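Visitor: This structure is in structure tokens; I'll ask about it shortly.
The values are calculated or read from the model by the stated rules, or taken from the named source; none is laboratory data. None of these values were measured; they are calculated from a predicted model. Every residue, glycine among them, receives a Cβ derived from its backbone with ideal geometry; neighbour counts consider all protein chains shown. Only protein heavy atoms, including side chains, enter the accessible area calculation; ligands, DNA and RNA are left aside. Shrake-Rupley method; radii C 1.70, N 1.55, O 1.52, S 1.80 Å.
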Amino acid sequence: MAQLKSVAFKEGEVPQAREPLAVQEPLPEGSGRSFPPVSVPACQTLIDVRNGEASFARVFQHFNWKENIMGGGSTLASYEDGQAEQRFAELKRSLDTCRRYEGEGYVGPFEATVTTQASPEYGDEAVTFREIVPMGPESGGDRNEQFVVVRTGNTIATFSELSIGKDLFFPPEVITRQVERLRNAQRP
């Protein structure tokens, strides 16, 4: 956990983000609100991998962007030898079949559509997809969240950018810097 925290961004390192840039650990097991699994098992796998479930250690960082009040976030998850590759393979298989699912969130039941996008060239392997939840015209548009998931050695980093009624993207230069830190931290 300490090593993941040490490679996360510090105050002043992401100029397009508002301060503070706090690094958070997961809540202790059973202390947070839990939701039932989503309606499609392949989609649950996708959610679990992007959230760093089953990792050895993970930390979260939220970004309140100066240009997007909805913000973004990152999850850095560390795995035992070989498990990051296995989990990433599970994620890619999930993306082959997960197109739509129903679930329950903080504001109640929802339906989400998953669309894959061109894979970026980050780390050892990477995928990009969007999850879109219809919100109705009274809400200003659909909930649209982009995810970029990158495996670098024994870590999987997930970057998300949330917007309403727009297709916004997590800043690529921030992903590049974070992935480089993860790579450097794993070099002998």
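Visitor: What percentage of the solvent-accessible surface of the range 9-134, computed with a 1.4 Å probe over protein heavy atoms, is contributed by carbon and sulfur atoms?
Guide: 51 percent
Visitor: For the chain, what's the relative contact order in percent, using C-alpha pairs closer than 8 Å and at least 6 residues apart?
Guide: About 20 percent, as a whole number.
Visitor: Over the chain, how many pairs of lysines fall under 28 Å by alpha carbon, counting only those 8 or more apart in sequence or from different chains?
Guide: 5
Visitor: Kirkwood hydrodynamic radius for the chain: how many Å is it when counted over pairs of different Cα atoms?
Guide: After inverting the mean inverse Cα-Cα distance, the result is 17.0 Å.
Visitor: Related question: With labels modelled as points extended 7 Å from the Cα through the Cβ direction, what inter-label distance (nm, one decimal) is found for residue 39 paired with residue 138?
Guide: Rounded to a tenth, the inter-label distance reads 2.2 nm.
Visitor: How many times 2.2 N^0.38 Å is the alpha carbon radius of gyration of the range 1-76?
Guide: 1.27
Visitor: Mind checking the range 1-58 for trypsin sites (Lys or Arg not before Pro) that DSSP puts in a loop (not H, G, I, E or B) and that have at most 13 other Cβ atoms within 10 Å? Write out the running numbers ahead of the final one.
Guide: Details: sites: 5, 10, 18, 33, 50, 58; in loops: 10, 33.
Answer in residue order: 10, 33.
Visitor: Accessible area per residue of the chain at 1.4 Å probe, in Å²? Please list the in-between numbers first.
Guide: Values: 10010 Å² over 188 residues.
Accessible area per residue, the chain: 53 Å².
Visitor: A follow-up question, please. Quickly work out the residue 173-to-residue 106 label distance, labels modelled 7 Å from Cα along the C-beta direction, and quote it in nm with one decimal.
Guide: Roughly 3.0 nm, to one decimal.
Visitor: Over all directions, how big on average is the projection of the convex hull of the alpha-carbon atoms in the range 90-188, in square nanometres? Don't jump to the answer; show the numbers that get you there.
Guide: Numbers: hull surface 28.9 nm².
Average of the hull's projected areas for the range 90-188 equals 7.2 nm².
Visitor: Return the calculated 222 nm mean residue ellipticity for the chain, to the nearest 500 deg cm²/dmol, obtained by summing -39500 (n - 2.57) across DSSP H runs with n ≥ 4 and dividing by the residue count.
Guide: Result for the chain: -7500 deg cm²/dmol, rounded to the nearest 500.
Visitor: Next up: Figure the gain on full extension for residue 10 and residue 187 (residue separation times 0.36 nm, minus the Cα-Cα span) and round it to one decimal in nm.
Guide: 61.6 nm
Visitor: Right, next: Using the 2.2 N^0.38 Å rule of thumb for compact globular proteins, work out how the range 123-173 stacks up: its C-alpha Rg over that value, please.
Guide: Numbers: Rg = 13.2 Å, N = 51, 2.2 N^0.38 = 9.8 Å.
Cα Rg divided by the expected 2.2 N^0.38 Å: 1.35.
Visitor: Residues of the range 45-62 with the amide nitrogen closer than 13 Å to a label point 7 Å from the Cα of residue 1, along Cα-to-Cβ, please.
Guide: Backbone N within reach: 56-60.
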